[in-house]
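Q: Structure provided below as structure tokens; questions to follow.
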Amino acid sequence: LVDSAARFAGRSPVPEQPAGADMSNTLAAEALSATAERGPDPDSHFGKLAQLGAQARELVRSSAEPAAPP
């Protein structure tokens, strides 16, 4: 019925997406959710990136602090 009404109105009922886009988006959301809950695996590519990011943030934070006078 929705398809018939949409055709009658002259437009598609759902925006066109490449095949598999829905499943891909769902899997990506699930992966992000699972990673957020348990944190990245330190040995994985993203785990290593997370470690580098944390080190970079710490370096930026520590370099922004005023140096103690001698």
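Nothing in this text is a laboratory measurement; each read-out follows from the coordinates by a stated rule. Predicted model, so just to flag it, every value in this text is computed and none were measured. When we count neighbours, we look across all protein chains shown, and the Cβ atoms used for this are built from the backbone with ideal geometry, even at glycine.
Q: Pop the C-beta distance of residue 28 and residue 64 into the FRET formula with R0 = 35 Å and round what comes out to the nearest 0.05. Spell out each step's value before the answer.
A: Values: r = 34 Å, r/R0 = 0.97.
About 0.55, to the nearest 0.05.
Q: Please list 41-48, 55-62 highest first by mean number of surrounding beta-carbon atoms within 10 Å per residue.
A: 41-48, 55-62
Q: Along Cα→Cβ, 7 Å out, is where each label goes; now give me the distance between the ones at residue 41 and residue 54 in nm to one decimal.
A: For the pair residue 41/residue 54, the computed spacing is 1.7 nm.
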